[in-house]
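Right, one structure below, let's go through it.
Quick note: the coordinates plus some simple rules give every number you see, no bench work behind them. Note that the structure is a prediction, hence the values are computed from the model and not measured. Note that we place each Cβ from the backbone using ideal geometry, even for glycine, and neighbour counts take in every protein chain shown.
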Amino acid sequence: MGKQFESILPQHAEFISMQKIYFVGSAPLSADGHVNLSPKGHDSLRVLTPNRVAYLDLTGSGNETSAHIAENGRITIMFCAFEGPPNILRLYGDGTVILPGTEEWATLFPLFDPLPGARQIIVVDVHLVQTSCGYAVPFMDYQEDRPTLNRWAEQKGEEGLVAYWQEKNMRTIDGMPTPLGRSLFASHDA
């Protein structure tokens, strides 16, 4: 089962800060809905307090996590040690979606490098931290972040990104509306 903690301890925060990739899991309440697991890269996650983290969510071909969070709040973030001592760390919590143009966005966005294609910030109120051995996780060497998403987002420009969000990020693969989709729909009708 691993070890469980009620909050992110300093050694957990240090481990998190050293990881180049993490994984985000979420699911709808519907038994027919799809469980989503997304890899996240770049320097996009911040430990805000011992019980709160936030990550800058970049444009992708889907937007499952935000819709699942809007429906039920549940989210898990997992980090794996691909170098150094073996370790897996999971953060279990309740998420909130922060959209551009809100007061919360104005407060949180300056904490991150301004990556092109930023579409929302996911804040997680962590209620359980779990560590486990990670003995089966392979060693892998980090070379560098892929520049592909940044170049793609810069080429799209702001208007192109909004058009892409309207095409690809309004609903999940199960048809659930996303907070970004609701926001774009509301601004489109205004």
Is at least one residue of the stretch 39-47 assigned to a strand (DSSP E or B), within 25 Å of P100 (Cβ to Cβ), touching a strand residue (DSSP E or B) at 6+ places or on another chain (Cβ under 8 Å) and without any contact (Cβ under 8 Å) to a residue 24 or more places away in the chain?
-> yes
Taking the stretch 132-152 on its own, how many of its residues are touching a residue at least 40 places away in the same chain (Cβ under 8 Å) and either loosely packed, with under 11 Cβ neighbours inside 10 Å or in a loop (DSSP other than H, G, I, E, B) (or both)?
-> 11
Which ones in the stretch 2-38 are hydroxyl-bearing (S, T, Y) and not in a strand (DSSP E or B)?
-> S7, S17, S30
Yes or no: S38 more than 29 Å from K3 (Cβ to Cβ) and of a type outside the set (D, E, K, R)?
-> no
Those residues that are in contact with a helix residue (DSSP H, G or I) (Cβ under 8 Å, 6 or more places away or on another chain) and of a type in the set (D, E, K, R), I need them from the stretch 131-173; list them, please.
-> K156, R171
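Would it be correct to say that E104 is touching a strand residue (DSSP E or B) at 6+ places or on another chain (Cβ under 7 Å), surrounded by fewer than 17 Cβ atoms within 10 Å (Cβ to Cβ) and within 30 Å of K156 (Cβ to Cβ)? Before the answer, list the steps.
Values: touching a strand residue (DSSP E or B) at 6+ places or on another chain (Cβ under 7 Å): yes; surrounded by fewer than 17 Cβ atoms within 10 Å (Cβ to Cβ): yes; within 30 Å of K156 (Cβ to Cβ): yes.
Judged against the criteria, E104 is a match.
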Criterion violated by G157 - all others in (1) of a type in the set (G, A, S); (2) assigned to a helix (DSSP H, G or I); (3) surrounded by 14 or more Cβ atoms within 10 Å (Cβ to Cβ) satisfied = (3)
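Looking at Y55, Y92 in this structure, which one is buried (at least 19 other Cβ atoms within 10 Å of the Cβ) and either among the aromatic types (F, W, Y) or at positive phi (or both)? Walk me through it before giving the result.
Values: Y92 fails: buried (at least 19 other Cβ atoms within 10 Å of the Cβ).
None of the other options fit; the residue is Y55.
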Residue hits (the stretch 3-62; over 25 Å from A106 (Cα atoms), among the aromatic types (F, W, Y) and within 14 Å of the chain's Cα centre (by Cα)) are F23
Of all residues making up the stretch 67-80, the number that are under 17 Å from V47 (Cβ atoms) and out of contact with any strand residue (DSSP E or B) (no Cβ under 6 Å at 6 or more places or on another chain) | 0
